[in-house]
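Below is one structure; the comments refer to it alone.
The values are calculated or read from the model by the stated rules, or taken from the named source; none is laboratory data. The structure presented is a predicted model; accordingly, all values stated were derived computationally and were not measured. A quick note on method: Cβ atoms are made from the backbone with ideal geometry, for glycine too, and the neighbour counts reach across all protein chains shown. With ligands, DNA and RNA removed, areas are computed over all heavy atoms of the protein, side chains included. Shrake-Rupley method; radii C 1.70, N 1.55, O 1.52, S 1.80 Å.
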Amino acid sequence: MTKSALIVWGGWDGHTPEQSARLVGSMLESHDFAVDIEPTTEAFADEHLGRYDLIVPAITMSRIEREELTNLLAAVRNGTGLAGFHGLMSDSFRNEPDYQFMVGGQWVAHPGNIIDFTVNVTRPDDPIMQGLGDFPYHSEQYYMHFDPSIEVLATTTFSGEFFEEIGGVVMPVVWKRRFGKGRVFHSTLGHVVDEFQVPQMRTLFERGALWAAR
């Protein structure tokens with residue numbers, strides 16, 4: 001049976017939301033998903049939103065209407081999966097703690113901006129991370145406010161070079177969680193669409209999205 005996915009893009013252009021949405025759409029189509037791509041949060045107001053097996057937000061620093069958010073929360077609580085990456089999911093709606101509670105984290109800083117850092121796989125036994133070891137990465141190293149109930153699959157450690165007070169801090173990079181009957185997956189990697197060319201980044205997101213889907 002064909003699964004269905006909704007990808008909604010918008011917000012800050014610097015995160016290449018439309019290009020990223022279309023790449024993820026193609027990725028899901030390769031797994032026989034029927035994919036709808038929409039450029040506005042109005043898509044979340046669909047009274048039949050729960051028909052989707054997976055929702056992927058690709059939205060940064062935007063706003064969402066109360067009706068749209070309530071509908072989205074209900075869809076995930078009732079079993080629709082949620083998967084996303086970088087600020088396109090964990091910096092979508094800064095004014096909405098209910099959304100952040102569902103995601104399991106919210107971006108707050110990226111000291112040094114685009115830098116070199118290491119992603120450390122902490123759960124190599126998890127199917128999402130299977131066969132992936134620690135790997136170098138060149139992007140924004142996200143400093144997060146995160147929910148301690150998330151299941152962390154990979155982390156990064158801050159050097160303190162750009163903000164000495166956080167030297168040695170270990171921060172989640174990849175996680176999954178349950179939200180009601182729904183599965184939620186998030187990776188903080190993916191500042192721009194070109195980062196999907198990094199094999200480990202693409203692989204873990206692809207697996208995570210498939211895991212999250214109902």
Length-normalised contact order of the range 1-100 in % [C-alpha pairs under 8 Å, at least 6 apart]: 32
Dipole of the chain, positive end: most advanced residue of ILE115, VAL192, MET171 [Cβ charges, Cα centre]: MET171
Residues listed by number, the range 48-64, amide nitrogen under 20 Å from LYS181 label point at 7 Å toward C-beta: 48-56
Whole-angstrom gap from the range 7-35 to the range 152-196, using each part's C-alpha centre: 20
Base-10 log of normalised Debye intensity for the chain (one unit scatterer per alpha-carbon) at q = 0.10, 0.13 Å⁻¹: -0.38, -0.66
Cα-centred dipole magnitude for the chain, charges only on beta-carbon of K, R (+1) and D, E (-1), debye, nearest 20: 700
Whole-Hz couplings from phi, Karplus 6.51/-1.76/1.60, listed for the range 41-52; x for Gly and Pro: 5, 4, 4, 6, 7, 4, 5, 9, 4, x, 6, 6
Accessible carbon and sulfur surface of the chain relative to its total accessible area, %, 1.4 Å: 49
Mean residue ellipticity (222 nm) of the chain, computed from DSSP H runs ≥ 4 via -39,500 (n - 2.57), nearest 500: -7000 deg cm²/dmol
Burial order of peptide ranges 147-153, 81-87 (average beta-carbon count within 10 Å, highest first): 81-87, 147-153
Alpha-carbon Debye profile of the range 1-80, log10 I(q)/I(0) at 0.13, 0.15, 0.17, 0.21 Å⁻¹: -0.37, -0.50, -0.64, -0.94
